[in-house]
Every structure is written in structure tokens, then in C-alpha cells.
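Report on the structure given below.
The values are calculated or read from the model by the stated rules, or taken from the named source; none is laboratory data. If you're wondering where the values come from, they're calculated on a predicted model, not measured in any experiment. Here the Cβ is made from the backbone with ideal geometry for all residues, glycine too, and neighbour counts use every protein chain on show. When the accessible area is computed, the model is the full protein with side chains, heavy atoms only, and any ligands, DNA or RNA have been set aside. Shrake-Rupley method; radii C 1.70, N 1.55, O 1.52, S 1.80 Å.
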Amino acid sequence: MAIQFTAHEVKVDLKEKRKLKAFLKDLFADEGQGVKDLHYIFCSDAYLLEINKQFLQHDTYTDIVTFEMGEDPDVTEGEIYISVDRVKENAGKFKVSVNQELHRVIFHGALHLCGFKDKSKAENALMHQMEDKYLIKYFGALE
């Protein structure tokens, strides 16, 4: 299993990468999902906007775009693009640290790959509940 973190033309302060990789492996296991290859790419708003337009036909800024790349529904092979600009802005908006918001989005992408959705009100509520569950598990508490 390989989990990779790459910064594309941005600076991202991602601490304890080994701990995070092990935690993500456990998150997938907890959700009954295998993981073969997962690549997180941290990028700018402009870069993610182009991906959003090109692949999803959405002309809007977003904090995350998740792609499942594998063929086996029980084993994840994917790419997760995260806008560091959006993470920083949302941290201020939600009055949390950039570190907590960054991890929320990291876990959000993993949860999407485990089958969680966030389109309806009920799905969105469950997604937030799951994000909080894993933030508390990772950090010990929310800010």
C-alpha cells in the first residue's frame, strides 16, 4: 500500500506524515475498504479550478476533488486534490486552525473513497459526523 503526499506549486505544512499515513490506513480498514494506491496533491485554487472545470465541468472553486482510479470497488486507488488556499480561507471562516481544517479535508477525501457522499442534507450531515469522528480519533479532541 502506498499513500503519497505531494505539493504542486504551493507550500503545505503537513506534520507527522508517517503517523498520518498509518492513520489513513486504519481509517480505510475501519470503513471496510482496502487501499492500494492513494495520492494526495496539495495545490492552489487556480490549479484545482482548472481540474474542476476540465474533469467535472464545474466552474467553481472548491477545497477538494477526489478521483477513484481503480477498478476494484473494495480496493482504493485514487487521487485527491486539495486547494491549500481554500483550506486556509475555510479555517478562518470556521474559526479552526489551518492544521485541523487541512486534516478535515484529508479525511473527507478518504471518506469519499470509502463510499460516503455529501450531496443531500442527510449525506452531508453524516459526512461531517464522520469527519469529526476521525478528527477526534486523530487529535484526541476538536479545537
- [ ] Give me the accessible area of His112, 1.4 Å probe, in Å² rounded to the nearest 10.
- [x] 50 Å²
Open item on the list: Please give me, ordered by residue number, the GluC sites (Glu not before Pro) of the range 1-92 that lie in loop per DSSP and have at most 13 other Cβ atoms within 10 Å.
Closed with: Glu9, Glu16, Glu71
Open item on the list: Shape verdict for the range 40-143, please, from the Cα gyration tensor: rounded (a/c under 1.5), prolate (a/b greater than b/c) or oblate.
Closed with: oblate
- [ ] Run through the DSSP bridge list for the chain and note the antiparallel percent, rounded to the nearest 5.
- [x] 25 percent
- [ ] Would you please give the residues with an amide H less than 5 Å from that of Ile64, counting only those at least 5 places away or on a separate chain, with H modeled from the backbone geometry?
- [x] Ser83
Open item on the list: Suppose a student asked you for the relative contact order of the chain, using Cα pairs under 8 Å spaced at least 6 residues apart; what percent would you report?
Closed with: 21 percent
TODO: Positive end of the charge dipole of the range 26-97 (Lys, Arg +1 and Asp, Glu -1 on Cβ, about the Cα centre): tell me which of Ile82, His39, Gly92 has its Cα farthest that way.
DONE: Gly92
Task: the range 70-132: trypsin sites (Lys or Arg not before Pro) in DSSP coil with no more than 15 other Cβ atoms inside 10 Å - done: Lys95, Lys117, Lys119
Task: Of Lys25/Lys133; Lys25/Lys95; Lys15/Lys137, pairs whose Cα-Cα distance is over 19 Å - done: Lys25/Lys95
Open item on the list: Output wanted: per-residue J couplings in Hz (rounded whole) for the range 32-39, from phi through Karplus 6.51 cos²θ - 1.76 cosθ + 1.60, θ = phi - 60°, x for Gly and Pro.
Closed with: x, 10, x, 9, 9, 8, 9, 10
Task: Residues of the chain: accessible area per residue with a 1.4 Å probe, Å² - done: 56 Å²
